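Quick notes on the structure that follows.
The values are calculated or read from the model by the stated rules, or taken from the named source; none is laboratory data. None of these values were measured; they are calculated from a predicted model. Cβ atoms come from the backbone with ideal geometry, glycine included; neighbour counts cover every protein chain shown. Protein only, heavy atoms only, side chains kept; ligands, DNA and RNA dropped before computing areas. Shrake-Rupley method; radii C 1.70, N 1.55, O 1.52, S 1.80 Å.
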Amino acid sequence: MPETLTVRDAYVLGGNRIPFARLGGPYAGISNQDMLTAALEGLVARFGLQGERLGEVAGGAVLKLAGDLNLTRESALGTPLDPRTPAIDLSKACTTGLETVLHVSNRIRLGQIDSAIACGVDSASDSPIEVTPRLRRILHRVSAAKRPADRLRALAALRPGDLAPVPPRNAEPRTGMSMGEHQAVTTAQWGITRQAQDELALASHRNLAASYASGFQDDLVTGYRGLGRDQNLRADSSLEKLAGLKPVFGTSNPAVAEPTMTAGNSTPLSDGASAVLLGTREWAAERGLTPLARVVDARTAAVDFAHGEEGLLMAPAYAVPELLDAHGLGLQDLDLLEIHEAFASTVLATLAAWESEEFCRTRLGRDRALGAIDRDRLNVHGSSLAAGHPFAATGGRIVAALAKELHRRARETGRTQRGLVSVCAAGGQGTVALLESDGK
């Protein structure tokens, strides 16, 4: 081990993703490996990485089939990258994509590698279907049997009820409540109105539509299976259309007096994949690539949603202040904020917490509220409500777009730009990161 260790900077150099599709849409029947390979191939082509031996490819999926044990490695092997490029699978619910960025960034900063790809994929259309524990035990006995008679004896234990599959579950194991049902309670506790949620959802669609129209997404998205842009995007959405939708979460929970969360202000189940290229300044320069933004730092947090009074998706409300404090910054020092739109009310409850004197005093131990943010700096190119949310692919989508926008604004203003990424996750967890434009 070297006596002295110099920490280097890790830079986001660019990204690529396939358009996100709705559950049961054009990617139904397409595997996680196929989608992730497509996103990686697009990245390799865009940045001329054919034959390159990178330091690592780190990726993952939240909804993962048993056969996808080595998903990222197998996907990377399907691309023109040098097959000697190692790969690793990571998983941390909806923060998976962001965690892969932080994992390879830290390896670059420590000098272990000079370049890497962070990526993620998820298919709600091809989610794993389990068998019953009893059927699983019988099948293991059949597999272990050495004689035909033993296999038949094991199979004879089967009952018709054993053959029924266990349907995919979208519920927290400790509460039995879905993420939407949890958020409905948080929404009511914070008094987030239906109007405010619909306005945020509309802004997401309008911002993403404008982003495609301006060409901003041209070098971030590669068409796939007939889709040229995100299937969930509704450029013609309106408050009137959103107001006509019926609530879908909190409708039978006595803790929610007036349900307000609809399919319009909640993220849809989606399919898709994303990838982000990272490297040192020197590695980028050797290949004529432009560093877009430096990965400055990150924090994680978790809340006791099962036994305490915390909302399931409120962990970033704690992680962000800790991250900002570490760098002597306030919310108002951020030029751009990317807060993952798990639900519109997730974003609004987080903002409300930071504006609350009581929350900041009693939960964060501060003497005053963090304050409000300029909404014009929030999710400026749209976010998950419009694009969709293939769980492990969301972090890569956000990081690549934010880095590009930070770089663009720095060149335009002549001033270094700071951006925040905040992603909540199942299990009451959250991961946040600070990015800074490279130069001015």
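Order the peptides 147-159, 171-183 from the highest to the lowest mean number of other Cβ atoms within 10 Å of their residues.
Working: 147-159: 11.8, 171-183: 17.2.
For the peptides 147-159, 171-183, the packing ranking is 171-183, 147-159.
Dimensions of the chain along the principal axes, based on C-alpha atoms and rounded to the nearest Å, stand at 78, 59, 49, largest first. Computed on the stretch 129-186, the Cα convex hull volume stands at 86 Å³ per residue. Protein-only accessible surface at a 1.4 angstrom probe places the residues HIS327, HIS407 in the order HIS327, HIS407, largest first. Potential lengthening of the chain between HIS327 and ASP162 amounts to 53.8 nm, from the contour at 0.36 nm per residue minus the alpha-carbon distance. Excluding same-chain neighbours fewer than eight residues apart, the aspartates and glutamates reachable from LYS241 by a Cα-Cα span under 17 Å are ASP198, GLU199.
Annotation: aspartates and glutamates with alpha-carbon distance below 18 angstrom to LYS64 (same-chain offsets under eight excluded): ASP34, GLU74, ASP89, GLU99, ASP122, ASP126, GLU130, GLU172, ASP271. Each part gets one Cα centre, and for the stretch 200-230 versus the stretch 56-118 those centres are 25 Å apart. Projecting the Cα atoms of LEU292, PHE305, LEU269 onto the charge dipole of the stretch 255-306, computed from C-beta unit charges around the Cα centre, puts LEU292 farthest toward the positive end. With the biggest extent put first, the Cα atoms of the stretch 362-440 measure 40, 38, 20 Å across the principal axes.
The distance between label points at ARG46 and ARG206 comes to 2.7 nm (points 7 Å beyond Cα on the Cα→Cβ vector).
Estimated purely from DSSP H runs of n ≥ 4, each contributing -39500 (n - 2.57), the mean residue ellipticity at 222 nm for the chain is -10500 deg cm²/dmol once divided by its residues. Shape verdict for the stretch 228-286, please, from the Cα gyration tensor: rounded (a/c under 1.5), prolate (a/b greater than b/c) or oblate. It comes out prolate by the Cα gyration axes. With Cα atoms as the point set, the radius of gyration and Dmax of the stretch 172-324 evaluate to 19.7, 61 Å.
Starting from a Cα-only point model with no solvent, please compute log10 I(q)/I(0) by Debye for the stretch 244-322 at q = 0.13, 0.16, 0.27 1/Å. Taken in order of the listed q values, log10 I(q)/I(0) reads -0.77, -0.93, -1.18.
Partners of LYS404 within straight-line reach, counting lysines whose Cα lies under 19 Å from its Cα and excluding those fewer than 8 residues away in the same chain: LYS440.
For the stretch 300-433, what mean projected area does the convex hull of the alpha carbons give, in nm²? Intermediate results must be reported in sequence, preceding the final value.
Details: hull surface 32.1 nm².
It is 8.0 nm².
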